[in-house]
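Okay, so here's the structure we're looking at.
The values are calculated or read from the model by the stated rules, or taken from the named source; none is laboratory data. Source: prediction; values computed, not measured. So basically every Cβ, Gly included, is an ideal-geometry build from the backbone, and we count neighbours across all protein chains shown. The protein model used for the area step is the full one, side chains on, heavy atoms only, and it has no ligands, DNA or RNA in it. Shrake-Rupley method; radii C 1.70, N 1.55, O 1.52, S 1.80 Å.
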Amino acid sequence: MPRFAANLSMLFTEVGFTERFACARAAGFEGVEYLFPYAYPKDLLSRALSDNELTQVLFNLPPGDWDAGERGIACLPDRVDEFRVGVDQAIDYAKALGCRQLNCLAGLRPDFVSEERAWQTLADNVAYAAEKLAAEDITLCLEAINSRVDMPGFMLDTSGKVLALIEQVDGDNIRLQYDLYHMQIMEGDLIRSMECLLPWIGHIQFADNPGRHEPGTGEINFSNVFSAIDSMGYEGWVSAEYRPSGATGDSLAWFEGQG
């Protein structure tokens, strides 16, 4: 079966953040991810991982002011210096946590920035980040996030745009982060799409649609999807990045049935 990881920014929120590592392990997960580690000391997170025998699967580069609505700064021409500082900070955390993949959030394009300038800024920043990460043997992921429901104006909202950017930058350590929830909204045809995109996929995330809740609450046939991921030879992690419709423990029937 696929290697499942728990996203601690969304799962086990019934307890404090550092307590969620133990909850994930008790539920049977061997890997974890979360949006950002930067509010916590590296040593604290490292201990939480080692104490619970967990692998740090992924986290995002600094996104700018998340609480103010920013969703990444990689496409913003006036934030290049801040982006580069964030790359160094992310690498520092990744090395401390043994994390081999980082995700770059492209960001929302402001109306006063042309699509051409935003795209070139994004490409330049991705090239810079990929080179810095390659020196540490870390993979840079690029995620397509739906612009219909969750993030209107997000620069990378289809897998095709991510592949175009990967081709333009031409870095050996750049991969697509494929989120089943976002791609069901934007593209559909999930299994066939993943089969075609497999050479570029570095990480998979999932939630059901609509609602972004656990498998079984929406329209995606996860039994078929998980079986297809397994059979197509994907070797990376598959992360549960959903909002439980109730208590997290009550949302894990999909996981308990994978044993």
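Quick notes on this one:
- The equivalent ellipsoid of region 108-179 has semi-axes of 22, 15, 10 Å, largest first, where each one is the square root of 5 times an eigenvalue of the Cα gyration tensor.
- Shape category assigned to region 1-73 from the gyration tensor of Cα positions, a/c cut at 1.5: prolate
- For Lys42, a cut-off of 24 angstrom between C-alpha atoms picks up these lysines, skipping any fewer than 8 places away in its own chain: Lys95, Lys132.
- Translational diffusion of the chain, µm² s⁻¹ [Kirkwood Rh, Cα pairs; Stokes-Einstein; 37 °C; 0.692 mPa s]: 178
- Solvent-accessible surface of the chain, taken per residue with a 1.4 Å probe and all protein chains present: 43 Å².
- Additional length obtainable on full extension of the chain from Lys132 to Asp170, 0.36 nm per residue less Cα span: 12.3 nm
- What separates the Cα centres of region 14-60 and region 108-170 is a distance of 27 Å.
- Cβ-defined net charge surrounding Ala96, 12 Å radius [Lys, Arg +1; Asp, Glu -1]: 0
- Accessible-area value, Cys196, 1.4 Å probe, nucleic acids and ligands omitted, Å²: 90
- Rg over Rh for region 138-259 works out to 0.97, both radii taken from alpha-carbon positions and Rh defined as the Kirkwood radius.
- Based on C-alpha pairs under 8 angstrom that are at least 6 apart in sequence, region 9-91 has a relative contact order of 23 percent.
- Within the accessible area of the chain (1.4 Å probe), percent carbon and sulfur: 45
- Length released on extending from Leu198 to Glu219, taking residue separation times 0.36 nm less the Cα-Cα span: 5.3 nm
- Of all DSSP beta bridges confined to the chain, the antiparallel ones make up roughly 5%.
- Label-to-label distance for Ser227 and Phe112 is 5.5 nm, based on points extended 7 Å past Cα in the beta-carbon direction.
- Sites listed here are GluC sites (Glu not before Pro) in region 69-142 whose DSSP assignment is loop and whose Cβ has at most 16 other Cβ atoms within 10 Å: Glu70, Glu136.
- When the charge dipole of the chain is built from unit charges on Cβ atoms (+1 for Lys and Arg, -1 for Asp and Glu) and taken about the Cα centre, the candidate among Phe21, Phe226, Trp237 whose Cα reaches farthest toward its positive end is Phe21.
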